1. Residues of the range B:104-141 being within 7 Å of another protein chain (Cβ to nearest Cβ), part of a loop (DSSP other than H, G, I, E, B) and over 26 Å from B:Leu53 (Cα atoms), which ones?
2. Restricted to the range A:26-47, and to residues that are surrounded by fewer than 19 Cβ atoms within 10 Å (Cβ to Cβ) and more than 11 Å from the chain's Cα centre (by Cα), which residue is farthest from B:Pro135 (Cα to Cα)?
3. Restricting attention to the range A:66-76, does a residue exist that is surrounded by 18 or more Cβ atoms within 10 Å (Cβ to Cβ), of a type in the set (Val, Ile, Thr), over 15 Å from A:Ala110 (Cβ atoms) and over 10 Å from the mean Cα position of the chain (by Cα)?
4. Filter the range B:74-90 for residues that are among the hydrophobic types (A, V, I, L, M, F, W, C) and either open to solvent by 40 Å² or more (accessible area, probe 1.4 Å) or under 24 Å from B:Ala112 (Cβ atoms) (or both) and give the result.
5. Would you check if there is a residue in the range B:64-78 being of a type in the set (Gly, Ala, Ser), within 26 Å of A:Ala138 (Cα to Cα) and either within 17 Å of the chain's Cα centre (by Cα) or modelled with pLDDT of 95 or more (or both)?
6. Restricting to the range A:106-127, count the residues that are without any contact (Cβ under 8 Å) to a residue 60 or more places away in the chain and either open to solvent by less than 10 Å² (accessible area, probe 1.4 Å) or at the interface with another protein chain (Cβ under 7 Å from one of its Cβ atoms) (or both).
7. Considering the range B:93-103 alone, what residues qualify as being surrounded by 19 or more Cβ atoms within 10 Å (Cβ to Cβ), within 11 Å of chain A (Cβ to nearest Cβ) and assigned to a helix (DSSP H, G or I)?
8. For the range B:33-46, does any single residue satisfy the condition of being at negative phi, in a loop (DSSP other than H, G, I, E, B) and open to solvent by less than 30 Å² (accessible area, probe 1.4 Å)?
Amino acid sequence: MGAAVLGPISGCGLFGDEEEKAPPPAPDPLAPLLTEALSLAGQHEAAITAFPVLADRLTPVAQAHREHATALTKVIKAPAPSASASPDPSASPTPPGGDAKSTLAALRSAEVKGQKSAAQACQAAPADRAALLGSIAAARATHLEVVR
Amino acid sequence: MSPEALAAALDAEHAAIFAYGPIGVRLDTASAADARQAEATHRGRRDALVLRLTELGATPPPAAPSYALPYPVTDRAAALKLATEIEERTAAVWRAALPQTTEADRSTALAALTDCAVRATRWRRRAGVSPATVPFPGRAA
């Protein structure tokens, strides 16, 4: 008697709703590139804060990385973690150590690394993403001409 | 693989090679050396495109006997402006080839887009144009 009453309760289950939820979507292959764009933007912004004398040189570069992040967010299907607005928490609060010269050197190696990953992403991308990724890779290469 | 995209790139390379003639004679010594190197790179891309198109069974478009310059190149400023524009235009054509290509052809297109973008930045720096970079090289502004 008691079991018949309890049956439907345990059968429908308190967790029934959760079982119907779709599994989380697989991360987009461009997610790491978006994270990298935000990190690069944050590193340049932190360098500008620490060395205002570098602002003329680095501001357009930081802005380019922000624009890349916005464009990547648009093509990535899965919702990105508040990508376009807030600076990457992993990058910006850390003030660059050392002097302006070593800061520029660190930015240059970050750009080199970033160019490599964007080029790899371009090489592996479907046709509809290839042009955007090519521009991002090329932009990062041009940053090495001005981050010095 | 689309031979049309590579043929368009070849047309742009022919035009770039032509343009560096009148550009080079108006430049200072240091810039003229860069112009010669740029022209050599464009010739290398051209030669590789001719081979690749032939391999694909397409007829590589020949260079025109002459190209109309968008404005007279009478001084250093005009030469630097045209050099920048030539690299921007060539970058745009290679960028447009990216979605039409895969594997080695895409890698070539990306390398070409990248070095056109880098040269455009160098020409802007020489011309005192600021900023010297653009966020999306090869994309229509």
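The values are calculated or read from the model by the stated rules, or taken from the named source; none is laboratory data. Just so you know, these numbers come straight off a predicted model, no measurement behind them. Glycine also receives a Cβ, built like all others from the backbone with ideal geometry; neighbour counts cover every protein chain displayed. Please note that ligands, DNA and RNA were not included when accessible areas were found on the heavy atoms of the full protein model with its side chains. Shrake-Rupley method; radii C 1.70, N 1.55, O 1.52, S 1.80 Å.
1. Scanning the range B:104-141 gives B:Pro131, B:Ala132, B:Thr133, B:Pro135, B:Phe136.
2. A:Ala26
3. Taking every residue of the range A:66-76 in turn, at least one turns out to be surrounded by 18 or more Cβ atoms within 10 Å (Cβ to Cβ), of a type in the set (Val, Ile, Thr), over 15 Å from A:Ala110 (Cβ atoms) and over 10 Å from the mean Cα position of the chain (by Cα).
4. B:Ala77, B:Ala79, B:Leu80, B:Leu82, B:Ala83, B:Ile86
5. We begin by selecting, within the range B:64-78, every residue of a type in the set (Gly, Ala, Ser); these are B:64, B:66, B:68, B:77-78.
Next cut, within 26 Å of A:Ala138 (Cα to Cα) only: B:77-78.
Then keep just the ones that are either within 17 Å of the chain's Cα centre (by Cα) or modelled with pLDDT of 95 or more (or both); that gives B:77-78.
Yes, because at least one residue in the range B:64-78 is of a type in the set (Gly, Ala, Ser), within 26 Å of A:Ala138 (Cα to Cα) and either within 17 Å of the chain's Cα centre (by Cα) or modelled with pLDDT of 95 or more (or both).
6. Summing the residues that are without any contact (Cβ under 8 Å) to a residue 60 or more places away in the chain and either open to solvent by less than 10 Å² (accessible area, probe 1.4 Å) or at the interface with another protein chain (Cβ under 7 Å from one of its Cβ atoms) (or both) in the range A:106-127 gives 4.
7. Within the range B:93-103, B:Trp94, B:Arg95, B:Ala96, B:Ala97, B:Leu98, B:Pro99, B:Gln100 meet the criteria.
8. Filtering the range B:33-46 for residues at negative phi gives B:33-46.
Now narrow it down to the ones that are in a loop (DSSP other than H, G, I, E, B): none.
No.
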